[in-house]
Amino acid sequence: MSTETKKVKTVKWGEEPKLGWKEAMYLPAIASGLMTALKHAFSGKTTTRQYPDVEPVIPANYRGVHRLNRDEAGRVKCVACYMCQTACPANCIEIIAAPAPKDDPHWKDRDKFPETFTIDELRCIYCGMCEEACPVDAIELTSVYDLTGMSRQEMIFDKEKLLSVFDETVNSGRDPIRTNRGALGPASEEASTAKQGPPPPGRGRHG
Amino acid sequence: MYDFLQQIWPTLWPTLAAIGVILAFVPVLGLYMTFIERKLAAYVQDRLGPNRVGPFGLFQAIADAIKLFLKEQVIPDHVFKLLYFIAPTLSLMTAMFALVVMPFGPVPTDYTSGFRYIVAPGIDIGIMMMIAISSLSAYGIILGGWASNNKYSLYGAIRSCAQFISYEIPLGLSIIGIVVAAGSLNIEQIVAAQSGDFWNWNIFWQPLALIVFFTSALAETNRLPFDLPECEQELVGGFHTEYGGIKFVLFFLAEYTHVVTVSFLTALLFFGGWHFPGLSGPVDAGLGGMLLRTFVLVAKVSMVVAFIMLLRWALPRFRFDQLMGLAWKGLIPLGLVNLVCVAVVFTFDLPKHLLSFTAVFLFVASLISARNLQSTINMPRSAGRPKAGSILSEVTV
Ligand code: SF4
Ligand code: SF4
């Protein structure tokens, strides 16, 4: 690094530009100012976004409200590994794991599932760490940006709420690009056995 | 009593009607001018402007009015209560009072027949009275600034005081030229002198007077680029910092009334008032003719208003020394020389279109002298500042 030649830039005091005849006369400058104003007034262009009437197109990598993905059987995909809860810098995820009901044929291939899964959406800083941490891509941040509520209690999302966000957004055609639409991550056994082609290039961390 | 009333009724009712029209129109006009101004500002800045209340946002003005009137009336503890309340009323009162001698439509020449479009017709000191009263409006601002007991407000008030005093002079000078030409201070007669051909309009043979008049009149309205008494960036809100709700509305309305007055005066003194070439004779008769003439005047006035609003978004605000320099070194000499030219032309009965040429000549002359003005526009470097071109620092990149 020291071998590179250093460039020395001299900073000098500047001289304010002298006003020419035009500016000193005011009128020509005023006329040109008026022309600019008029040009914009009649250009018919606008930069205003008519927000509630016309919804903006949010970039697909936007980190908005969470959702909990479902697998093909419609079960919650989360395996209650606590990875997201551990990774979360805002401490806003709370999971209580329970052993999967083995006698239920519906759950026979699973060991654990989250009995409760709550995210405090007010505390969350929408950093996306949970999504990064999840080994089975069960938790995702959608591009839903207009999250509101009437009380703090309402903004603490439980498992049902998070699953319903999935149901609402899964067919919107606007899945987050960071994960593969609920496709299981490399850590899950299912992923290694499933006949799954390589994920499309350039899509998130699997790409 | 009844007899007396009956006797004065023919002269009383048109006056009352004219007062009614002014009292009814000015607040509504003020409200809608804020709306139009916001819309225009939005278009100039590539925005849409208010468009939520009613079609095209047309009811926005009414919503604003309701909001302002229902606002809590905050009276700060530290103000001088009496003057604090008098100031806005005085402001609006003087602004409205100036409208007494202002024709807002074709004033009948005999002053007697029916509606007269002016509260006090045939006042021979018309324009003089208008200037005198509108300069009183400085009192509203100064009292408001002083009663607020707040440094920013006081600064705004002092600035406006200096500004009013300076710009009264070129305003008067430019009008005297017109008055000399028309031979009367009566606004109706000044307008009558401009009837007929286009070339009778004062703008064509006293363009310099128009520039001087319009600039100083704009300064009197306290609007950008001359809004130093209330500039938000420097003085919070200037003289009306401590005012809110209805009291603020009065100040605001006074400002817009001034804009209306200035626009009317410009149209009346320089653009032929309600006259338009070809609009006389048969078209001019009866109610239709009256409406047509009113329309001509209102159209001219609206153009001037639109121009004033557009200027706001085209020009930056003056620095205070530039403001004073413009009045004392630019407008007053120009106004004086213009007045001398008008006087010479009329004393020696020279053709009055000679004045158009002298205006152009004066303009070129001022262009040349503008080079000397530069020294006042560019601030002199203070002694402690390094010379231009000297090295400030050396940075390694
Ligand atoms: S986005 Fe960040 S803060 Fe929010 S839940 Fe996930 S890890 Fe926690
Ligand atoms: S990291 Fe994924 S699988 Fe593990 S608890 Fe969180 S959501 Fe469930």
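The values are calculated or read from the model by the stated rules, or taken from the named source; none is laboratory data. All figures in this text were calculated on a predicted structure; none of them were measured in a lab. Methodologically, a virtual Cβ is constructed for each residue, glycine included, from the backbone with ideal geometry; neighbour enumeration extends over all protein chains shown. Protein only, heavy atoms only, side chains kept; ligands, DNA and RNA dropped before computing areas. Shrake-Rupley method; radii C 1.70, N 1.55, O 1.52, S 1.80 Å.
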Exercise for the section: Distance between Cα centroids, region A:122-137 to region B:327-367: provide it in whole Å. Expected result: 77
Handout entry: Label-to-label distance, nm, for residues given as B:Asp124 and B:Phe56 (7 Å Cα→Cβ offset)
Key = 4.7
Handout entry: Size of charge dipole - region A:66-190 - debye, nearest 20, with Cβ of Lys, Arg +1 and Asp, Glu -1, no other charges
Key = 100
Exercise for the section: Could you work out how far the C-alpha centroid of region B:44-118 sits from that of region B:192-233, in angstrom? Expected result: 21
Handout entry: A:Asp120, A:Asp167, ranked by accessible area, largest first (probe 1.4 Å)
Key = A:Asp167, A:Asp120
Completion exercise
For region A:66-190, the per residue accessible area (1.4 Å probe, Å²) is 52
Completion exercise
Note, region A:113-123: 3J(HN,Hα) by Karplus (6.51, -1.76, 1.60, θ = phi - 60°), whole Hz, Gly/Pro = x, goes 8, x, 6, 10, 8, 10, 10, 7, 5, 7, 7
Completion exercise
Partner lysines whose C-alpha sits under 24 Å from that of B:Lys300, ignoring same-chain residues fewer than 8 away, are A:Lys39, B:Lys39
Completion exercise
Rounded to a whole number, the mean other protein chain Cβ count within 10 angstrom for residues of B:305-315 is 3
Practice task
Could you compute the FRET efficiency for A:Cys127 and B:Asp46, with r as their C-beta to C-beta distance and R0 at 45 Å, rounded to 0.05?
Solution key: 0.80
Completion exercise
For region B:183-200, Karplus-derived ³J(HN,Hα) couplings (6.51, -1.76, 1.60; θ = phi - 60°; whole Hz; x for glycine and proline) come out as x, 7, 8, 6, 4, 4, 6, 4, 5, 4, 5, 9, 6, x, 5, 3, 5, 7
Problem - Protein heavy-atom accessible area occluded, A/B pair - total, 1.4 Å probe, Å² - result: 3500
Handout entry: Karplus (6.51, -1.76, 1.60) ³J(HN,Hα), θ = phi - 60°, over region B:293-309, in Hz, Gly and Pro reported as x
Key = 5, 4, 4, 4, 5, 5, 4, 4, 4, 4, 4, 5, 4, 4, 5, 4, 5
Exercise for the section: For peptide A:41-49, compute the average count of partner chain beta-carbon atoms within 10 Å of each residue's beta-carbon. Expected result: 4
Exercise for the section: Using every Cα-Cα pair within chain B, state what percent have a distance larger than 37 Å. Expected result: 29
Problem - Electrostatic dipole magnitude of chain B [Cβ: Lys, Arg +1; Asp, Glu -1; Cα centre; debye, to 20] - result: 940
Exercise for the section: May I ask you to order B:330-338, A:40-48, B:196-204 by the average number of other C-beta atoms within 10 Å around their residues, highest value first? Expected result: B:330-338, B:196-204, A:40-48
Exercise for the section: May I ask you to give the percent of accessible area on the protein assembly as shown that is carbon plus sulfur, with a probe radius of 1.4 Å? Expected result: 66
Completion exercise
Taking r as the C-beta separation of B:Thr294 and A:Thr148 and R0 as 60 Å, the FRET efficiency to the nearest 0.05 is 0.70
Problem - Per-residue SASA entry for B:Trp328, accessible area with 1.4 Å probe, Å² rounded to 10 - result: 130
Handout entry: Residues of type lysines that B:Lys329 reaches as a straight line, Cα spacing below 23 Å, ignoring anything fewer than 8 places off in the same chain
Key = A:Lys18, A:Lys22
Exercise for the section: Output the Cα-based Rg and Dmax of the protein assembly as shown in Å, rounding Rg to one decimal and Dmax to a whole number. Expected result: 35.7, 120
Practice task
Work out the count of Lys pairs in region A:66-190 where the Cα-Cα distance is under 17 Å, with the pair 8 or more places apart or on different chains.
Solution key: 7
Practice task
As a check on your grasp of the helix formula, calculate [θ] at 222 nm for chain B: sum -39500 (n - 2.57) over DSSP H runs of n ≥ 4, divide by the residue count, round to the nearest 500.
Solution key: -21500 deg cm²/dmol
Practice task
List the pair-distance distribution P(r) of region A:66-190, using every Cα-Cα distance, as the percent of pairs falling in each 5 Å bin from 0 up to the bin containing the longest distance, rounded to whole percents.
Solution key: 2, 11, 22, 25, 21, 12, 5, 2, 0
Exercise for the section: Please check which bits of region B:223-252 a label hung off B:Phe85 would reach, taking the label as a point 7 Å along Cα-to-C-beta and the cut-off as backbone N under 18 Å. Expected result: B:242-251
Problem - Accessible area per residue, Å², region B:74-141 with all protein chains present, probe 1.4 Å - result: 43
Exercise for the section: Sort B:180-188, B:313-321 for me by packing, meaning the mean count of neighbouring Cβ atoms within 10 Å per residue, highest on top. Expected result: B:180-188, B:313-321
Fill in the blank from the handout: Once the in-chain neighbours fewer than 8 apart are removed, the lysines whose Cα is under 26 Å from A:Lys7 read B:Lys387
Practice task
Could you order A:Asp103, A:Asp53, A:Asp175 by accessible surface area, starting with the largest, using a probe radius of 1.4 Å?
Solution key: A:Asp103, A:Asp53, A:Asp175
Practice task
Assuming R0 = 35 Å, can you tell me the calculated FRET efficiency for the pair A:Arg75 and A:Thr47, based on Cβ-Cβ distance, to the nearest 0.05?
Solution key: 0.15
Exercise for the section: On the full set of protein chains, 1.4 Å probe, figure out the accessible area of B:Ile391 and give it in Å² to the nearest 10. Expected result: 100
Practice task
Would you mind calculating the relative contact order of region A:66-190 from Cα pairs under 8 angstrom and at least 6 residues apart, reporting the percent as a whole number?
Solution key: 31
Completion exercise
Under a 1.4 Å probe, counting only protein heavy atoms, A:Met129 has an accessible area in Å², nearest 10, of 90
Problem - Exposure rank, largest accessible area first [B:Asp3, A:Asp146; 1.4 Å] - result: B:Asp3, A:Asp146
